1. Check Ala279, Ala301, Ala297 and return the single one that is within 13 Å of the ligand (Cβ to nearest atom) and either under 20 Å from Glu169 (Cα atoms) or buried (at least 21 other Cβ atoms within 10 Å of the Cβ) (or both).
2. Could you please let me know if Ser341 is within 16 Å of the ligand (Cβ to nearest atom) and more than 23 Å from Phe258 (Cβ to Cβ)?
3. Under the condition of being of a type in the set (Lys, Arg) and more than 16 Å from the ligand (Cβ to nearest atom), which residue from the range 33-47 is farthest from the chain's Cα centre (by Cα)?
4. Looking at the range 313-330, which of its residues are within 16 Å of the ligand (Cβ to nearest atom) and part of a helix (DSSP H, G or I)?
5. I'd like the full set of residues that are outside any loop (DSSP other than H, G, I, E, B), acidic (Asp, Glu) and touching a Phe, Trp or Tyr at 6+ places or on another chain (Cβ under 9 Å), limited to the range 1-36.
6. Of the residues Gly176, Gly196, Gly161, which single one is farther than 30 Å from Thr343 by Cα, of a type outside the set (A, V, I, L, M, F, W, C) and at pLDDT below 95?
7. Do you know which residues across the range 258-269 are surrounded by 20 or more Cβ atoms within 10 Å (Cβ to Cβ) and more than 15 Å from the chain's Cα centre (by Cα)?
8. Can you pull out the residues in the range 49-60 that are of a type outside the set (S, T, N, Q) and more than 26 Å from the chain's Cα centre (by Cα)?
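The values are calculated or read from the model by the stated rules, or taken from the named source; none is laboratory data. Here the structure is a predicted model, which is why all the values come from computation and not from measurement. Cβ coordinates were reconstructed from backbone atoms using ideal geometry, including for glycine residues, and neighbour counts include every protein chain displayed.
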Amino acid sequence: MKLTYCKNCVMPNTKPDLFFDEEGVCDACQSAERKEEIDWTSRKKEFEAVLEKYRSKDKTNYDCIIPVSGGKDSTYQTYVVKKIYGLNPLCVCFEPTHQTSLGKKNIDNLGRLGVDVIFFKKNPEVYKKMVIEGLRRVGDNEWPNHVGIFTVPINVSVRYGIPLVIWGENSQLEYGGPKAAADREVLDRRWLEEFGGLLGNRVEDMLNVEGITREDLLPYTYPSQQELDRVGVRGIFLGYYFKWDARAQLEIIKKHGFSVKEDGPVEGTYTNYENLDEATVSVHDYLKFVKYGFGRATDHACIDIRNKRISRKEGLRLVRQYDGVYPKYGVTNLIDYSGLSKTEIDSIFDQFTNKQIFKVDTHGILVRDAAGNLIKNNYDNE
Ligand SMILES: [Zn+2]
């Protein structure tokens, strides 16, 4: 199998739901081009109209919900809503899988922007069972995190009667995905199920796993249509209304107390400002690499190329250096968190590795280089 790469960025054709035009340019690059043509002034006005419609006029309730992790996006969302528009949001944080001290520092910093934060501390046993099952079943240790970060804020929205939920970027727009998903301004149940990274494993599929009950799954269960309609829940992407540029936003939020990783890049990529809160997220990124042949460094290089911060050549260099390096830090933390052995985690990696993308020997066993990393069959991406 020959990986084909976008002619403009460095994304391969193995990315699920990514399409290429006749010139070999991926649709994420095309939507980045379209961003240049959007009338952002009128989008901003649309956003202001939404805020005006939904804010609590008599101030008896919060104006909106902001789902937060303490990461750069949620800090920026809070900054825009609180500092620029002067609204009173209720921030909702779903506890990370295995929080880092830097993640804790950043979530604590959020409160200092002058907002209330609900920190949803999950039932650790139930969550851990789903981490292990997600890893074994669909090759994703962060599966319950993808669910909880979407469902918990919506459940709070319903319970508190706060209809407007303000999300950050539309990942389908920033990282590439079907046009139908990328052009949407709203995040709803359908978006979550189709594009939220659940990998075909539904929440109810976790019922009875190691004795998991329906009650255990309450926080992970999306409210019924009836409940959503009663409150009039509306989830919007800030990235639909404002031109999203992570690096520019970073400079703003750093002035408001956001901390980056000062001692070098996050494992699996070359940047130091994202995925700071999860000590096991590089395992998730590595699994993506073994399944599809690209990792987080590719995602970041693509964005930097599209935002014209680096050349494609520089992007390729960064991808070669950082993508697919065995995630020692993440694995160590996953062993510590889950109690799984390194042997079992490695065998799960192997089980999800696409042997058409990576070199195998005559017995079909994966070949590794001196550093223990997989070797791509072709790296024909120039
Ligand atoms: Zn592209």
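1. So the residue among Ala279, Ala301, Ala297 that is within 13 Å of the ligand (Cβ to nearest atom) and either under 20 Å from Glu169 (Cα atoms) or buried (at least 21 other Cβ atoms within 10 Å of the Cβ) (or both) is Ala301.
2. Taking the combined requirement at face value, the residue does not satisfy it.
3. The first filter runs over the range 33-47 and keeps only residues of a type in the set (Lys, Arg), leaving 34-35, 43-45.
Remaining after also requiring more than 16 Å from the ligand (Cβ to nearest atom): 43-45.
Numbers: Arg43: 24, Lys44: 24, Lys45: 27 Å.
The extreme case among them is Lys45.
4. We begin by selecting, within the range 313-330, every residue within 16 Å of the ligand (Cβ to nearest atom); these are 313-316, 318-319, 323.
If the condition is that a residue be within 16 Å of the ligand (Cβ to nearest atom) and part of a helix (DSSP H, G or I), then Lys313, Glu314, Gly315, Leu316, Leu318, Val319 are the ones that fit.
5. Asp27
6. Unique residue meeting the criteria: Gly176.
7. Phe258, Glu267 - these are the residues of the range 258-269 that are surrounded by 20 or more Cβ atoms within 10 Å (Cβ to Cβ) and more than 15 Å from the chain's Cα centre (by Cα).
8. Ala49, Glu52, Lys53, Tyr54, Arg55, Lys57, Asp58, Lys59
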